[in-house]
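The values are calculated or read from the model by the stated rules, or taken from the named source; none is laboratory data. Note that the structure is predicted; figures quoted are calculated from it, not measured. Every residue, glycine as well, gets a Cβ built from its backbone with ideal geometry; the counts of neighbours run over all protein chains shown. Note: accessible area is taken over every heavy atom of the protein model, side chains too, but ligands, DNA and RNA are not part of it. Shrake-Rupley method; radii C 1.70, N 1.55, O 1.52, S 1.80 Å.
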Amino acid sequence: MNEQGPVQIRCPVLTVRRVDAYYAITVVAPGIAERFRAGQFVSVAVGGEQSSTLLRRPFAIHDVKPDYGGTVEFLFSVRGQGTAWLSERRSRDLLDIVGPLGRPFPLPRDPVNCVLAGGGSGAAPLFPLALSLRRRGCRVDFVLGAASADRVFSAITARRVAETATFTTDDGSFGVHGAVTDALGRVIEDARSDVVYSCGPMPMLREVTAVASAHGIPVQVAVEETMACGTGLCMTCVIPVVGEDGITRMVRTCMDGPVFRGERVRFDDVGTIPFDALGAPGWKAHHDSDVTDREAG
Amino acid sequence: MSPDLRTRLSNVELENPVMTAAGCAGSGRELAQYFDIARIGAVTTKSVMLEPRAGRPAPRVAETPSGMLSATGLQGPGVDVLLQRDLPWLISRGGRAVVSVAGGSAGEYGELARRISDAPGVDVIEINLSCPNPAGQGRHFADDPEEAARVVSAVRSHTRSDVPVFAKLAPDVPDLVGLATACVEARGDGLSMVNSVRGMTIDPRTLRPAVAGGMGGLSGPAIRPIAVGCVYEVHAALPHVPIIGMGGVRTGADVLEFLAAGASAVAVGTINFADPSACVRILRELEETLDDRGVTRIADLIGTAHRPMGAALGNTSATL
Ligand SMILES: Cc1cc2nc3c(=O)[nH]c(=O)nc-3n(C[C@H](O)[C@H](O)[C@H](O)COP(=O)(O)OP(=O)(O)OC[C@H]3O[C@@H](n4cnc5c(N)ncnc54)[C@H](O)[C@@H]3O)c2cc1C
Ligand SMILES: Cc1cc2nc3c(=O)[nH]c(=O)nc-3n(C[C@H](O)[C@H](O)[C@H](O)COP(=O)(O)O)c2cc1C
Ligand code: FES
C-alpha cells in the first residue's frame, strides 16, 4: 500500500552459507532491497505454511545488493526451532518475508567521525550503516566484540570498510581480551569520534551509552526485544523510553525502534514498568504532583 | 457470480464477515500498510480504557505449539487518543469500527460507552469482560454472570440505541451459556467469543514462567476447537443472538467452520501477527470455498452445523 512502508513477499532463497559461527541467507527480494535503510530488519515466517510455529523471527538486514533485481542478506546463529529450520533452507526454497521493518539509523547531515560498536550478531546492521556513512564522506571506525573468535562478525569486511577496526573477545581468542566497552573509549579519543552507533545485547548498549555520554557525544542504539509481530500490532516488544517531552513511555521497539537515542532508553528499567511511565499504576499520582509542583513553583 | 458476503451484527450490516480481533490489529493503521482496510468487514480496535495504561512488564510473549501465550496488560493511550487520533483515521480510510472497551468498574465502562457512542463512525461497541474486577477479589467480570450483566447494562444505558453492544466472553468460565444469557438479558445485542484462554508456559532454561506475571492468555489455532465449541453451544441456546466468532482463525475454511457453528461474523486475531495480510487472504479463500460449494449467500451458512441434515453433523455429543 505504502511506497516507503514494508512489504510482505515470498522470496526465493539464493544461497545459504556458513560464515564462522553464523549462517548467512541471501534472498531475492527487490521490493525490500529498494526500500531498505541501515538499521531496519526483516521478519521471516518459519516452518512452512501450516507450521505450528506461528511467530516470525526478526533478523537485522546485513546487506542488500543490486544482483538479481535486488537481494537481501541476513545472518543468524542457530538458537532454537526457527533458526534450525532456516539453516536447512536450500537455494530456490521460498521464504515468506516482511520488511523492511522498523526505524533506520539516522544519518548525519555533514561528514563526521562515526564509531560503530557491535556485539555478537548485533554487528549485522552496522555493515550497511558503515557503507552509507562512507558514501556521505564520514570517517568510520569499528569496534566489534563477541564471546570468542568465531563469533566476531565479518572481521575482514570491517577492516576493509573502516578507517580502523578493533576487535574484542571475552575469552581473548581474538583481538583485545575483554568487552567492546573496554576498547570503545580509546577509539573515540583516537578517532575524535563525533557520534557512536551501536547494536548488541541490552547490557552492552547500556555500557556503550555510558561511555559515549562520558565523552559527551551522542549515541544511537538498535535494541533487540522479543517480538510477536514485528509490525506494531501486538504491543509485546515494548521498552521504557523517555520522549522529547521528558515523559517515559512504553514504546514498541519494532515500529518506534529498533533504533533509539541511547540516552533516552531507560536501560536499568528494561523488563519493568517504571513507576513514572505514562499509564503506569503510579503515573497519575506522580503526574498530578508534578503539576502541583510546577504550579507551586 | 461472486457470493453475497454481507452479514448483519444486530442492526449493522457489514460488507463481509471477516473482521480483526481486539488487540491484534493495532488501530488499523499498522495493517493498512499491507492492504486496504476498507476491504474487510470491520476493524476491532484494541480495548481502550479511560486513562493511558502502561500494561505489563516484558517479556510479554512466548511461543507455544500452534499458538502463543501473551500478557500485554491492555497497554494503550486511553480513550482521548482513540477519539482524537485513531478512530478518525480509521473512518477516513473507509474502515468500519468496532470499538472495544475495558474498565475497572461498571461505572467506568459506562463512561467509556457514553464518550465513544457519541463519536461518529462507531459501528459496534464491544465490551471486554475479561478484566479483573477489583470488587470481585481479583476475579474477572466475566467470571460472574451478575457482574457481567451489571457491566453490559451500564454500557447499554450509555450507548446510543442505534449502536449495538456486544459482550465479549472468555471460554474458561463455569457456565458459559448462563453468562451469555445474563449478558443478553442485560440488553446486550450480541456476543463476541472467545477471548484468549488462561494458561502458562515455563521457560525450559530458567524453569520460571516464560511471560512476566506468570499467567497469560493462550491464543492462535491451538484454541480453535475450544472457540468453535463455545460458539456452537451458545448459538444452540440463543439462536437469535448474533455472535462474532474468533479464536485461532487462520484460513477461509476456519471462517466457514465458525459460521457453521453459528457465528454471523468472524474475527482474525493472532494470525495477523504471523501474516499481516491474513485478513484479505482469508477473505479470498472464503470466497473460493463458497464458490466451490455453490453457496451464494453467507447468510444461508450461519448455524448450518445445528441442522439435522446436510454435510455437517448435527449431533452435540462432541460438547458433552
Ligand atoms: C530487531 C531484531 C533483530 C535481530 N537480528 C538478528 C540477527 O541479525 N542475527 C541473529 O542471529 N539474531 C537476530 N535477532 C535475534 C533472533 O530474532 C533470534 O535469534 C531468533 O528469533 C531465535 O529464533 P529460534 O526459533 O531459533 O529460537 P526460539 O528460542 O525457539 O524462539 C522462540 C521465540 O522466541 C523469540 N526469540 C528467541 N530469541 C530471541 C532474541 N534473541 N530476540 C528476539 N526474539 C527472540 C523467537 O522470535 C520466537 O518467537 C534479532 C532480534 C531482533 C528483535
Ligand atoms: C497480544 C494480544 C492482545 C489482545 N488484546 C485484546 C484486547 O485488548 N481486548 C480483547 O477483548 N481481546 C484481546 N485479545 C484477544 C483477542 O481479541 C482474541 O479474542 C483471542 O486472541 C482469540 O483469537 P485468536 O486465536 O485469533 O488470536 C488479545 C489477544 C492477543 C494475542
Ligand atoms: S512486535 Fe508486535 S508490536 Fe512490536
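Computed quantities for the displayed model
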| quantity | calculated |
| --- | --- |
| All positions within the stretch A:1-49 that are hydroxyl-bearing (Ser, Thr, Tyr) and either away from chain B (no Cβ under 14 Å) or surrounded by fewer than 21 Cβ atoms within 10 Å (Cβ to Cβ) (or both) | A:Thr15, A:Tyr22, A:Tyr23, A:Thr26 |
| Pair list, Cβ under 8 Å, 6 or more apart: the stretch A:250-275 residue at the interface with chain B (Cβ under 8 Å from one of its Cβ atoms), other residue open to solvent by 50 Å² or more (accessible area, probe 1.4 Å) | A:Met255/A:Arg103; A:Gly271/B:Pro59; A:Ile273/A:Pro281; A:Ile273/B:Arg56 |
| Looking only at the stretch B:249-269, and only at residues there that are in contact with a Pro (Cβ under 9 Å, 6 or more places away or on another chain) and open to solvent by 10 Å² or more (accessible area, probe 1.4 Å), the one that is nearest to B:Gly188 (Cα to Cα) | B:Ser264 |
| Within the stretch A:30-82, tally of residues that are part of a strand (DSSP E or B) and of a type outside the set (A, V, I, L, M, F, W, C) | 7 |
| Close pairs (6 angstrom Cβ cut-off, 6 or more residues apart or separate chains): in contact (Cβ under 8 Å) with a residue 24 or more places away in the chain in the stretch B:270-298, of a type in the set (Asp, Glu) anywhere | B:Arg297/B:Asp4 |
| Sole residue being closer than 23 Å to B:Leu218 by Cα and of a type outside the set (Gly, Ala, Ser), chosen from B:Pro88, B:Pro77, B:Pro145 | B:Pro145 |
| Residue match in the stretch A:27-50 (condition: free of Cβ contacts under 8 Å to residues at least 24 places away in the same chain and of a type in the set (S, T, N, Q)) | yes |
| B:Glu63, sole failed condition from (1) within 12 Å of another protein chain (Cβ to nearest Cβ); (2) touching a residue at least 40 places away in the same chain (Cβ under 8 Å) | (2) |
| Residue check for A:Glu207: out of contact with any His (no Cβ under 7 Å at 6 or more places or on another chain), closer than 30 Å to B:Ala58 by Cβ and either within 14 Å of chain B (Cβ to nearest Cβ) or assigned to a helix (DSSP H, G or I) (or both) | yes |
| Candidates A:Asp171, A:Asp150, A:Asp141, A:Asp190 - the one that is assigned to a loop (DSSP other than H, G, I, E, B) and among the acidic types (Asp, Glu) | A:Asp171 |
| Count of residues meeting criterion [more than 14 Å from every other protein chain (Cβ to nearest Cβ) and surrounded by fewer than 20 Cβ atoms within 10 Å (Cβ to Cβ)] in the stretch B:90-107 | 4 |
| When residues of the stretch B:252-266 are limited to those that are in contact (Cβ under 8 Å) with a residue 60 or more places away in the chain and not in a loop (DSSP other than H, G, I, E, B), the one nearest to B:Ala22 (Cα to Cα) | B:Val266 |
| Top-ranked residue in the stretch A:226-248 [being facing another protein chain (nearest Cβ under 8 Å) and under 19 Å from A:Gly282 (Cα atoms); ranked as nearest to ligand 2 (Cβ to nearest atom)] | A:Val238 |
| All positions within the stretch A:195-233 that are of a type in the set (S, T, N, Q) and either in contact (Cβ under 8 Å) with a residue 40 or more places away in the chain or in contact with a helix residue (DSSP H, G or I) (Cβ under 8 Å, 6 or more places away or on another chain) (or both) | A:Ser198, A:Thr209, A:Ser213, A:Gln220, A:Thr231 |
| One residue from B:Gly110, B:Gly73 being within 14 Å of chain A (Cβ to nearest Cβ) and surrounded by fewer than 22 Cβ atoms within 10 Å (Cβ to Cβ) | B:Gly73 |
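Conditions (1) open to solvent by 40 Å² or more (accessible area, probe 1.4 Å); (2) within 13 Å of ligand 1 (Cβ to nearest atom); (3) within 14 Å of another protein chain (Cβ to nearest Cβ), marked per residue:
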| site | (1), (2), (3) |
| --- | --- |
| A:Leu55 | no, yes, yes |
| A:Ala60 | no, yes, no |
| A:Lys65 | yes, no, no |
| A:Leu107 | yes, no, no |
| A:Phe142 | no, no, no |
| A:Asp150 | yes, no, no |
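The rows are residues; the columns are (1) modelled with pLDDT of 95 or more; (2) out of contact with any Leu (no Cβ under 9 Å at 6 or more places or on another chain); (3) farther than 30 Å from A:Thr53 by Cβ.
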residue	(1), (2), (3)
A:Phe167	no, no, yes
A:Ser173	no, yes, yes
A:Asp182	no, yes, yes
A:Val211	yes, no, yes
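Residue by residue, here is whether (1) within 12 Å of ligand 1 (Cβ to nearest atom); (2) closer than 25 Å to B:Ser27 by Cβ; (3) not assigned by TED's automatic domain parsing to the domain that holds A:Ala146 holds:
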{"site": "A:Ala191", "(1), (2), (3)": "no, no, no"}
{"site": "A:Gly200", "(1), (2), (3)": "yes, no, no"}
{"site": "A:Cys229", "(1), (2), (3)": "yes, yes, yes"}
{"site": "A:Val242", "(1), (2), (3)": "no, yes, yes"}
{"site": "A:Arg249", "(1), (2), (3)": "no, yes, yes"}
